[in-house]
Amino acid sequence: MDGQHILFACNQNSVRSPMAAALLRLRQAGGAHVDSAGVYEGGLDPFVEIVMAELGVAMHDHEPKALDDVDLSAFNHIVALTPEAATAIRDRAPNASIEFWNVENPSDERGGRDAIVEAYRRVRDELDRRLKARFPELHEKP
């Protein structure tokens, strides 16, 4: 396997994992292959589209997929963003090296639209910080 192949996984591939993958693609200066998947296939959350558009990232091309739709052995870095994703990956690929990032679920936020959008921004910004720290060799653009 040439280069870095990075998979981000969450529950439905609708919030955290597509955000992480899109952020790394946006900022990367290296040629890593980046993908995302969920334990189950969901639909892209519209609040993800809102907060990613603030950075100039269009998410309309994202097609949610399940872990069963990807070859886990093709990735040398797997980042699970939910405990359920970490468990599902261990079940499917017991020898895989998995990192677990405990990232809040912004869809749990209650309140008005502004509070919900702010929760999604917090998650987006937390993922961006973690990506810069974990993949500094790829994450070189501001």
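The values are calculated or read from the model by the stated rules, or taken from the named source; none is laboratory data. Keep in mind that this is a model prediction, so the values were computed, not measured. Don't worry about glycine lacking a Cβ; one is built from the backbone with ideal geometry, like all the others, and counts go over all protein chains shown.
Of everything listed in (1) touching a Lys or Arg at 6+ places or on another chain (Cβ under 8 Å); (2) in a loop (DSSP other than H, G, I, E, B); (3) under 14 Å from LEU127 (Cα atoms), the single unmet condition for ASN13 is (3). Taken over the stretch 16-32, the criterion of being of a type outside the set (Lys, Arg) and either within 9 Å of the chain's Cα centre (by Cα) or not in a loop (DSSP other than H, G, I, E, B) (or both) is satisfied by SER17, PRO18, MET19, ALA20, ALA21, ALA22, LEU23, LEU24, LEU26.
The single condition among (1) surrounded by 16 or more Cβ atoms within 10 Å (Cβ to Cβ); (2) at pLDDT 95 or above that HIS77 does not meet is (2). For the stretch 87-125, the set of residues classified as out of contact with any helix residue (DSSP H, G or I) (no Cβ under 7 Å at 6 or more places or on another chain) and either in contact (Cβ under 8 Å) with a residue 60 or more places away in the chain or buried (at least 17 other Cβ atoms within 10 Å of the Cβ) (or both) consists of ASN105, SER107, listed by residue number.
The selection criterion, being crowded, with 23+ Cβ neighbours inside 10 Å and either farther than 23 Å from ASN102 by Cβ or among the charged types (D, E, K, R) (or both), does not hold for ARG25.
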